[in-house]
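This report refers to the structure that appears directly beneath it.
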Amino acid sequence: MSSAIPRALVTGGAGFVGSHLCEYLLRNGSAVLCVDNFVTSSPANIAHLAGFPEFRVIEHDITEPLLVTEPCDVVFHLASAASPRDYFRLPIETLRTGSHGTENALDLASVHGARFLLASTSEVYGDPHEHPQRETYWGHVNPIGPRSVYDEAKRYGEALVSAYRRERGADTAIARIFNTYGPGMRAGDGRLVPAFIGQALAGKPMTVEGSGEQTRSLCYVGDTVRGLVALAASGHPGPVNIGNPRELSVLRIAEEIRALTDSRSTVTHVDAATDDPQRRCPDITLAEQVLSWRPEVSLTDGLRRTVKWFQQRFTGAAE
């Protein structure tokens, strides 16, 4: 299969979603330049891509300007701390990546006449009053709470991308990514799926924040990547929700993972996180209409693949 994107640059390309995106593009014929400073990622995530002759890596902090000489057709801007554990640890860096980093990536795309795609997030909706969330919803976000460093970084990024489009005629797109999971997640990054899988495999209590009745909508990483590439190739400006509209309680997700791991772990409730969204579910009507995209991997199948990946690493660690 040949790609509609001959040459792509991916900031945050060694991260969880970024590494999957790089691999997808390479396997579909794109030349890929991966830019990452490895603060919340690892070279190990992209080590298996070294055999592709059209793959190159630059270690660089995108909050500093970047000069790239080779031509580029699309810039995918994924650089950012993405898990609460990371952006609580790196609050100023997260804000700078959303502001300075986005501006530098936009300028880089402008120099090359490339299309620019911002990987934004469902967190721009905050703890939503609208359900499911449509792209027209402005959100309900605490601008000074502990999560604000991530939420507002992404909201600012969206505003900056929109300004570049209006004032400078930049070819831009905004993808609002909902909870994504799959092989390659860091076991200790604090997010829901890897936390539950790690606890279940270790036979430790599965810690659920708050009542566990709060909902999430989990999208398998392969489906998320397909959505990003479809949006980049479409010419549509977005924002477009990229996520799975199947809504599940956190308790239900814990039960699914416990069953798939044959674990005897119990569920333990801990204090709810500050400003934790109580409901999260995308309306993907726009993605279906303009991208002909919808998720294809079922939750059970996606979790089974993810559990298998973690089991292999648990076994390797034991050996």
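The values are calculated or read from the model by the stated rules, or taken from the named source; none is laboratory data. Bear in mind that the values here come from a model prediction, so they are computed numbers and not experimental data. Please note: Cβ atoms are built from the backbone with ideal geometry, for glycine as well, and neighbour counts cover all protein chains shown.
Starting from residues that are surrounded by fewer than 18 Cβ atoms within 10 Å (Cβ to Cβ) and charged (D, E, K, R), keep the ones in segment 216-253 and report whichever is farthest from the chain's Cα centre (by Cα).
Arg252
Starting from residues that are in a helix (DSSP H, G or I) and touching a residue at least 60 places away in the same chain (Cβ under 8 Å), keep the ones in segment 261-296 and report whichever is surrounded by the most Cβ atoms within 10 Å (Cβ to Cβ).
Ala287
With Phe310, Phe314 as the choices, which residue is part of a helix (DSSP H, G or I), of a type in the set (Phe, Trp, Tyr) and modelled with pLDDT under 90?
Phe314 is the lone residue from the list that is part of a helix (DSSP H, G or I), of a type in the set (Phe, Trp, Tyr) and modelled with pLDDT under 90.
So, in segment 212-245, of the ones that are in a loop (DSSP other than H, G, I, E, B) and out of contact with any Ser or Thr (no Cβ under 9 Å at 6 or more places or on another chain), which residue ends up modelled with the highest pLDDT?
The initial filter retains those residues of segment 212-245 that are in a loop (DSSP other than H, G, I, E, B), namely 212-214, 217-218, 235-239, 243-245.
Restricting the remaining residues to those that are out of contact with any Ser or Thr (no Cβ under 9 Å at 6 or more places or on another chain) gives 235-236.
Details: Gly235: 93, His236: 97.
Here the answer is His236.
Just to check your reading of the model, which residue among Leu66, Leu106 is under 20 Å from the mean Cα position of the chain (by Cα) and hydrophobic (A, V, I, L, M, F, W, C)?
Leu106
Could you check segment 1-106 for helices (runs of 4 or more DSSP H) lying wholly inside it with 3 or more residues that are crowded, with 23+ Cβ neighbours inside 10 Å and not small (Gly, Ala, Ser)?
Passing ranges, in order: 16-27.
For segment 67-101, how many residues are within 19 Å of Arg115 (Cα to Cα) and touching a Phe, Trp or Tyr at 6+ places or on another chain (Cβ under 8 Å)? Working first, answer last.
Of segment 67-101, the ones within 19 Å of Arg115 (Cα to Cα) are 67-79, 98-101.
Add one more test, that the residue is touching a Phe, Trp or Tyr at 6+ places or on another chain (Cβ under 8 Å), and what stays is 74-75, 77, 98-99.
Total meeting the criteria: 5.
Could you list, ordered by first residue, the pairs with Cβ atoms under 6 Å in which the first is in segment 117-133 and part of a strand (DSSP E or B) and the second is aromatic (Phe, Trp, Tyr) and buried (at least 24 other Cβ atoms within 10 Å of the Cβ), at least 6 apart or interchain?
Once the first residue is part of a strand (DSSP E or B) and sits in segment 117-133, its partners that are aromatic (Phe, Trp, Tyr) and buried (at least 24 other Cβ atoms within 10 Å of the Cβ) give Leu117/Phe76; Gln133/Tyr125.
Quickly run through segment 113-127 and pick out the residues that are surrounded by 19 or more Cβ atoms within 10 Å (Cβ to Cβ), farther than 24 Å from Ala195 by Cα and either among the aliphatic types (A, V, I, L, M) or over 17 Å from the mean Cα position of the chain (by Cα) (or both).
Across segment 113-127, the qualifying residues are Ala114, Arg115, Leu117, Leu118.
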